[in-house]
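These notes concern the structure reproduced below.
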Amino acid sequence: MPNLPIEDRFKISPFLVFYMITSMQIGIGVLGYQRLIAQYANEDAWISVLIAGSLIHIIVWMMYKIMETVDGDLVTAHIYVAGNFIGKLLSTFFVFYFFTYSLTILRSYLEVIQVWMFPTMSIFWFTLAYLLLCIYIIYGGFRTVVGIAFFGIVLPAYLFLIFGFNLKFANFEHLLPILDNSFKDILLGSYHMSLTFIGFEIVLFFYPFIKNPQKSKKWAHLAILTTTLLYTGLMMLTLSFFSEEQLRKSIWATLTMWKIVQMPFVERFEYIGIATWSLVILPNFCISLWVASRLLKRIFNLQQKKGVFLISITNLIVINFIDTREQVGLINDYTGKAGFIFTFLYIPLLLVMVLIVKKVKKK
Amino acid sequence: MKRWLNKKQNETKPNKADWEKTLEKSNDFTRSNYINQKSNVHFCLTFIATLVDEQIIQQGVLPYLLEGELKTLEDIKKTVPSADVEISNDQTVIDKKILNGYIMLTIDSEPEHFAFIATQKEIVRSLSPPEIEFSVIGPKEAFVESLGQNLNLIRKRLPVKELIIEEYTLGSLSQTKVAVLYMEGITNEDNINTVKQRISEVEFDAITDSSYIVQLISDNSNSPFPQLLDTERPDRIAGILAEGKIAIVVDGSPHVLIAPTTLIEFFSSFEDYFLNWILASFFRLIRGCAVLFSLLVTPIYVAVLSYHYELIPKDLLGTLVTSRRQIPLPPILEALFLELTIELLREAGARLPTKVGQTIGIVGGIVIGTASVEAGLTSNVLLIIVALAALASFTTPVYKMGNTIRLLRFPFLIFAELWGLLGIVFAFCIMLTHLIRLTSLGRPFLEPFYPPRATDLKDAFIRLPFNKQTLRPLFLRTKNRTRYNKKKATEKKDIDE
Amino acid sequence: MKKLFFIPIFLMLFTTGCVPKSIIDDINIEAASAFDELEDDTFIGTVLIQEYLPDQSTENKTFTATANLRRDLLLNIQRQSSEPLHLGGLMVTIFGDKLADRGIIDFVDNYQRDPSIGARNFLATSSGSALQILKGEYGPRGNSDYLNNLIEHNMRYRDLPETNLHIFIRDYYTKGKDPYLPELRQINNKEVEISGLSLFKKDREVHVLPTEKMFFFKLLADRHSNGSFKVDLGIDKEAEIKSIASKRKIKLSKKYPSQVVIHIKIKGVIPEYTGDKITPQIVKEVEKALEKEVNKECLSLVKQFQEQGIDPIGFGFYHRKQIRGYDFKKWEEDYKRLTFKIKTDVNIVETGVVE
């Protein structure tokens, strides 16, 4: 079993978990999640976001519980619960999960580029260039991947200051009356947050790479708190910036909000925003590639170098078949659902299993 | 002088060693025989005339050898007033000693033993102010080519026993002396061992300058970024040694290497430490902006004019369109043309004598610039931008890094042409990844940004006052992290921890 | 050897990976456009392009075409233009009288759909022909700059309430609020003025507010940051109030939900006074007079809107937001029964540099 302990010099400081999680969560979803939530929860959409965020704290607690019990990543947990063969079989699903995740991220971003910047942008060439960059990153080892995650949060952070321009046009009366929608609608809104919120589950896969896993817990929770507050704040701003009908028509509400930004030296900001967003997307894409290839290594003993190549090439081929806006929407939808099932259903289930097996083993 | 040198040169030994046969081919190889006046012992001096100091021989060696009590080789130590006298019976060191400026003394009665007396001629350049890293404030001494003198310059700034100097000889032909300096008890052992190991592993025939060492021991020799800092300021070396870094002094090179280094060090001038911290921080920030400006402004021009006209403020649009109206070239060619012109000017200026070089700069800058605008080859807006970018790139305190910045502009330009702003961000991502992957002696090159180290950020973009910097940089993993006695500091003020 | 493999990839990237360029001097940037209706379902459009001449002046160029759809219009105009026409630099769009009466949302919706058009575009209506406005000559900076600056400074410092593409769309899609746009009129070939404020019912122009009323409208709908107003205090006594900064709050009366309370706060300075001397008493008098006038005018305005069935202030919106579980279907009926109460608070903070 390739369960070699990770050498110390490849491990990362616990606080870097914060950047890993936030950079994995903030991705393509932020550009347009507002519409999906407001569809159900209307002016209470921000409450949906808050609820979803607080539920995730529980999931994160569960994830750490699982990993502490088995002292290893998800594959270890699977093997612990279901034995070597079935455990590995179960883990194989997650190779597909992260493969689809990376595909969704890149294709959705390409969609944004095609709609907003270059309508004739070649999917193949851009994907190829992006993949080469990612392979270069992943070949640098886990520390490089984390480095990209770190800069993918820190450098584009200025974008959030830009929303200050929208405050001038915001009318917070749009948020009233609070809690006017049924609880069911608000929860439905929370459910639709899954695509935007998923990404935190990667802790399950790089847990062995954390130097002091115990200490990383608070950072993981802090990361969830940060993204939750960020999404909630942005949701409130969006709701007060647009009118309901208008928001319902805006597929990329965040980008539309940038359109109003005007600075003495930049007439239109959204182009800079979209370009910068490729730095936000990069860790998303890289980490999911890394996790997928890491899983291949854990399950099939495939060298990670080769695994990355394999997944990249598959990515490059498959992405060309997703052509239309509908298909992109569909794959987004599926990924969101898969993420929801994985995080909110599978993880609690796994925790229960792990705890049962632990008791059985003790006896 | 020639009188006694040529006296009995033809008296040679019957069976010659290999070294002797080879050395005899050189005209400056000298061998002369003498007789001691007291004991009538015949002795023979062998040396290379161009390497020894005639004065020392005439005044400090020969009189004692001719007139002193000389019966055995051991007597030399008593008679000759030189500290560096060595007696050996090892044949293999002879050529090395002679080629290092020693004279070899042999006595007929003791054919198996040789005495070596140090008589090196030191051709030393006098100290001059630093030229590349000039600073208005602060010491005006710069390193010279002589190892001994350079070590002296460092030693006298750090007169403590903890400063360790270890010497190596590198280069199969050049036999260059390389000294590795560090502070015992401060510098991390791993770092020292890495440097020592890499230095001893160097295989090269002729090492003529420290930049050879840089290229030979760098972690990634395929990177455009220099990974070892070189400086000509002894004060800087003293400073970094105290921080816990390692200095490498190479004989024959006025540039001393510093290892390990981080990216930010290449953008900090040592003068920053002589100025008040507020001013120093301000200048550092300006320099940081200048680097970004120099790197990105031409690519942004190309990207915006080729793809994103929406970004241009409406008041500026007219100016830009008017300036480009007559120009037949697309923005990318226009930019490449001007950038290459600037590079040509710089290269021509660097290759020519100082005075001519200045003229070239002025003539090139003014005449070519104005003429190309008037001829309608380039737009005046771009001319301003490119000139400013070039100017900004020269603010980088380390010359080698300035070159790197100028080189990096070209890939950025190409990506800007390819995908506009998106391409610029993409190129930036590539650079970022490269920098994250880069290490200097195994230490991350991007520190303190990544891995983020709050304590080291105190001396990065800004330089906080010295009383806030009680700790040595974390990334060096020094054995002793405190720079000065915390107790004393807390007695004075209530600060820190 | 392995790395050599990348060279053909990069070469191919540069030859085939490029995206079509729009180099600024090789395109025509549409700076302003105007639309008008010819007869049923055909409309005529004019696109203004600013040619920047080497002597830093600007030449206005217009292209006019007719079509049934806006996209067709653009295609037809492309055929006249020497370089490809790009929409990204659009600043002002003017809708003709007839078209505004018929509804303009098709055009505006198209603008919203097109990512290259900025949200800060100014929309305006015209009294008379919209096309003629673009065909004038308004100085060396170009017509679109002129129109853009005309609207912008009037919004920032004068009585024009703030509107742009985003605000228009937002108001249009807000349940219980109707949009408004400035109306332009060409005085002669060299001058244009803001002749009023077009008030819309959904996307159809129903009423044009005359310029005199715009001060009061802005008090109600927006906030002043630097307005000015003249107050008459009887014979020979006139005071001008400047740097007016106003805020307004709209609340529904707690007791009677059918009563709307509009609270207007005005801060101002009197730099000009035609009487003898400004005493604190006169200041009080001015404040009182202004309060009275604002109350009167604003009330008549909202009453008028009520009669016309338009809601540019957004009373419906406030109903929706301030009454929990309000059934918006009732609004049409409720609006008719709405009563208004206007409270004005004028505060003169400064009376110039001399006493």
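A search for C-beta distances below 7 Å between a residue of the range A:11-29 that is in contact (Cβ under 8 Å) with a residue 12 or more places away in the chain and any residue that is charged (D, E, K, R), counting only pairs 6+ apart in sequence or on different chains, returns A:11/A:211; A:12/A:143; A:12/A:211; A:13/A:211; A:14/A:211; A:14/A:215.
Only one entry in A:238, A:228, A:276, A:254 is touching a residue at least 60 places away in the same chain (Cβ under 8 Å) and under 22 Å from residue A:122 (Cβ atoms), namely A:276. Restricting the range B:180-204 to residues that are of a type outside the set (Val, Ile, Thr) and part of a strand (DSSP E or B), the residue that is nearest to residue B:250 (Cα to Cα) is B:181.
Restrict the check to the range A:105-115 and report whether at least one residue is open to solvent by 10 Å² or more (accessible area, probe 1.4 Å) and facing another protein chain (nearest Cβ under 9 Å). There is at least one residue in the range A:105-115 that is open to solvent by 10 Å² or more (accessible area, probe 1.4 Å) and facing another protein chain (nearest Cβ under 9 Å).
The set of residues in the range C:115-153 that are over 21 Å from residue A:258 (Cα atoms), small (Gly, Ala, Ser) and either within 14 Å of chain A (Cβ to nearest Cβ) or surrounded by fewer than 21 Cβ atoms within 10 Å (Cβ to Cβ) (or both) comprises C:127, C:128, C:129, C:136, C:139, C:144. Among the residues here, residue C:219 does not qualify as open to solvent by less than 20 Å² (accessible area, probe 1.4 Å), closer than 25 Å to residue C:35 by Cβ and in contact (Cβ under 8 Å) with a residue 40 or more places away in the chain. Scanning the range C:159-197 for residues that are acidic (Asp, Glu), within 11 Å of chain A (Cβ to nearest Cβ) and either in contact with a Phe, Trp or Tyr (Cβ under 8 Å, 6 or more places away or on another chain) or in a helix (DSSP H, G or I) (or both) gives a single hit, C:171. In this structure, residue C:225 does satisfy being out of contact with any His (no Cβ under 6 Å at 6 or more places or on another chain), within 13 Å of another protein chain (Cβ to nearest Cβ) and either open to solvent by less than 10 Å² (accessible area, probe 1.4 Å) or more than 20 Å from residue A:247 (Cβ to Cβ) (or both). Considering only the range A:62-85, I want to know if a residue exists there that is assigned to a helix (DSSP H, G or I) and within 14 Å of chain C (Cβ to nearest Cβ). No, there is no match, as no residue in the range A:62-85 is assigned to a helix (DSSP H, G or I) and within 14 Å of chain C (Cβ to nearest Cβ).
Could you list all residues from the range C:207-250 that are in contact with a helix residue (DSSP H, G or I) (Cβ under 7 Å, 6 or more places away or on another chain), under 30 Å from residue A:177 (Cβ atoms) and part of a strand (DSSP E or B)? Matches in the range C:207-250: C:246, C:248, C:250. Checking C:185, C:248 one by one, the residue that is open to solvent by 40 Å² or more (accessible area, probe 1.4 Å) and within 15 Å of the chain's Cα centre (by Cα) is C:185 and no other.
What number of residues within the range C:251-282 satisfy the criterion of being open to solvent by less than 80 Å² (accessible area, probe 1.4 Å) and part of a strand (DSSP E or B)? Total satisfying the criteria: 13.
Within the range A:116-128, which residues are within 10 Å of chain C (Cβ to nearest Cβ) and farther than 16 Å from residue A:277 by Cα?
A:119, A:120, A:121, A:122, A:124, A:125, A:128, listed by residue number.
Looking across the range B:360-398, the residues that are crowded, with 16+ Cβ neighbours inside 10 Å and within 18 Å of residue B:230 (Cβ to Cβ) come down to B:396, B:397, B:398. State yes or no: is residue B:337 of a type in the set (Phe, Trp, Tyr) and within 22 Å of residue B:396 (Cα to Cα)? The answer is no for residue B:337. Among the helices (runs of 4 or more DSSP H) confined to the range B:289-403, the ones with at least 1 residues that are within 12 Å of chain C (Cβ to nearest Cβ) are located at B:314-324, B:331-351, B:380-393.
Residues checked against (1) at pLDDT below 90; (2) open to solvent by 10 Å² or more (accessible area, probe 1.4 Å):
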site	(1), (2)
A:22	no, no
A:32	yes, yes
A:43	yes, yes
A:49	no, no
A:52	no, no
A:73	yes, no
A:76	yes, yes
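Would you pick out the residues in the range B:62-97 that are assigned to a helix (DSSP H, G or I), of a type outside the set (Lys, Arg) and closer than 21 Å to residue B:30 by Cα? Of everything in the range B:62-97, those that are assigned to a helix (DSSP H, G or I), of a type outside the set (Lys, Arg) and closer than 21 Å to residue B:30 by Cα turn out to be B:62, B:63, B:64, B:65, B:66, B:76, B:91, B:92, B:93, B:94, B:95. Within the range C:328-337, the presence of a residue that is under 26 Å from residue C:224 (Cα atoms) and not in a strand (DSSP E or B) is excluded. Looking only at the range B:465-485, decide whether some residue is under 27 Å from residue A:17 (Cβ atoms), in contact (Cβ under 8 Å) with a residue 60 or more places away in the chain, of a type outside the set (S, T, N, Q) and within 14 Å of chain A (Cβ to nearest Cβ). Checking the range B:465-485: at least one residue is under 27 Å from residue A:17 (Cβ atoms), in contact (Cβ under 8 Å) with a residue 60 or more places away in the chain, of a type outside the set (S, T, N, Q) and within 14 Å of chain A (Cβ to nearest Cβ).
When the range B:17-44 is filtered for residues that are assigned to a helix (DSSP H, G or I) and surrounded by 13 or more Cβ atoms within 10 Å (Cβ to Cβ), the ones remaining, listed by number, are B:19, B:20, B:23. So which of B:85, B:136, B:93, B:144 is open to solvent by 70 Å² or more (accessible area, probe 1.4 Å) and hydrophobic (A, V, I, L, M, F, W, C)? None of the others qualify; the one that does is B:136.
Contact map, the range B:424-439: first residue in contact (Cβ under 8 Å) with a residue 40 or more places away in the chain and part of a helix (DSSP H, G or I), second residue aromatic (Phe, Trp, Tyr) and open to solvent by 10 Å² or more (accessible area, probe 1.4 Å), Cβ cut-off under 7 Å, separation 6 or more or different chains; pairs are B:424/B:415; B:427/B:415.
Looking only at residues in the range A:235-269 that are open to solvent by 10 Å² or more (accessible area, probe 1.4 Å), in contact with a helix residue (DSSP H, G or I) (Cβ under 7 Å, 6 or more places away or on another chain) and in a helix (DSSP H, G or I), which one is nearest to residue B:421 (Cα to Cα)? Looking at the filtered set, the residue picked out is A:237. You will find that of B:435, B:391, B:407, B:352, the residue that is over 30 Å from residue C:50 (Cα atoms) and touching a Leu at 6+ places or on another chain (Cβ under 6 Å) is B:435 and no other. Just one of the listed residues (B:435, B:418) is aliphatic (A, V, I, L, M) and surrounded by fewer than 20 Cβ atoms within 10 Å (Cβ to Cβ), namely B:435.
Of A:312, A:278, all but one fail to be touching a Cys at 6+ places or on another chain (Cβ under 8 Å), over 21 Å from residue A:115 (Cβ atoms) and part of a helix (DSSP H, G or I); the exception is A:312.
Only one entry in A:232, A:228, A:314 is crowded, with 21+ Cβ neighbours inside 10 Å and at pLDDT 90 or above, namely A:228. For the condition more than 30 Å from residue B:431 (Cα to Cα), among the basic types (Lys, Arg) and facing another protein chain (nearest Cβ under 8 Å), residue A:259 does not qualify.
The values are calculated or read from the model by the stated rules, or taken from the named source; none is laboratory data. Nothing here was measured: the structure is a model prediction, and the numbers come from that model. So basically every Cβ, Gly included, is an ideal-geometry build from the backbone, and we count neighbours across all protein chains shown. For accessibility, only protein heavy atoms count, side chains too; no ligands or nucleic acids. Shrake-Rupley method; radii C 1.70, N 1.55, O 1.52, S 1.80 Å.
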